[in-house]
Amino acid sequence: VALILLAVLAGVAGTIARPALAAHILNPPLVAWDRLRRRPHDPSVLSERVQVLEASKRALAAGWKLPATGSLLNLLGDLSCLTLLFTAAGFVPHPAILVAGWVVPQLAREITFIPGGIGIVEGGMALFYQSLSVPAEVSVVVILLYRALSFWTPTLVGIPIAFYFERRTEAGGGGVGGSPA
């Protein structure tokens with residue numbers, strides 16, 4: 001799974017880095033795909049995609065470091081929270097077990113239609129940790145506390161904050177970063 005994700009990531013990075021070359025490489029398979037579907041090939045679709053990629057490249061060049069740093073800090077915070085919860089429960093798993101039990105359900109969360117992966121993440125983590133020799137009573141308690149801290153608390157605190165800023169914007173307050181009218 002990791003190798004497939006790395007290959008996709010490398011393909012996306014290469015496509016963003018050299019959109020014209022990517023379009024040149026992708027054009028023959030797209031022509032074949034259109035023939036297979038018995039549809040006329042429209043080269044303007046690919047040229048529009050190249051323009052979008054070039055705009056994405058300019059946007060990334062303008063500032064990718066801060067969002068990437070934020071994502072990395074979020075990931076490290078999640079794993080630190082999980083590590084501290086396991087330690088508090090009296091079971092310190094090997095770092096590879098900790099990461100494996102965390103990452104696969106997170107990936108499953110991204111491909112489901114269930115908001116926040118409710119139930120998918122908890123069940124997946126419990127299954128993975130138990131299959132990796134973590135005692136069931138420890139893993140269930142740790143996972144439920146982890147999800148309460150990492151998902152439910154920010155969600156339940158964020159909803160009233162979102163309503164506050166929405167009301168403030170509607171009242172002409174300008175919202176976040178805006179100036180009053």
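Among the residues of the range 80-116, count how many are of a type outside the set (A, V, I, L, M), in a loop (DSSP other than H, G, I, E, B) and more than 20 Å from the chain's Cα centre (by Cα).
Total meeting the criteria: 4.
Any residue in the range 125-144 that is part of a helix (DSSP H, G or I), touching a residue at least 60 places away in the same chain (Cβ under 8 Å) and crowded, with 17+ Cβ neighbours inside 10 Å?
Within the range 125-144 (the criterion being part of a helix (DSSP H, G or I), touching a residue at least 60 places away in the same chain (Cβ under 8 Å) and crowded, with 17+ Cβ neighbours inside 10 Å), the answer is yes, since at least one residue qualifies.
Out of the range 47-70, which residues are open to solvent by less than 80 Å² (accessible area, probe 1.4 Å), more than 20 Å from the chain's Cα centre (by Cα) and over 14 Å from A17 (Cα atoms)?
Within the range 47-70, just S47 meets the criteria.
From the residues in the range 32-76 that are touching a Pro at 6+ places or on another chain (Cβ under 9 Å) and of a type in the set (V, I, T), which one is nearest to T15 (Cα to Cα)?
My answer is V50.
Name the pairs: first residue in the range 29-43 and in a helix (DSSP H, G or I), second residue not aliphatic (A, V, I, L, M), Cβ to Cβ under 6 Å, at least 6 apart or on different chains?
Filtered contacts from the range 29-43: V31/H41; D34/H41.
Among residues belonging to the range 147-165 that are aromatic (F, W, Y) and either free of Cβ contacts under 8 Å to residues at least 24 places away in the same chain or over 19 Å from L75 (Cα atoms) (or both), point out the one that is least open to solvent (accessible area, probe 1.4 Å).
The residue in question is F165.
The values are calculated or read from the model by the stated rules, or taken from the named source; none is laboratory data. Keep in mind the model is a prediction, meaning the values are calculated, not measured. Here Cβ is always computed from backbone atoms with ideal geometry, including for glycine, and neighbour counts include all displayed protein chains. Heavy atoms of the whole protein, side chains included, go into the accessibility calculation; ligands, DNA and RNA do not. Shrake-Rupley method; radii C 1.70, N 1.55, O 1.52, S 1.80 Å.
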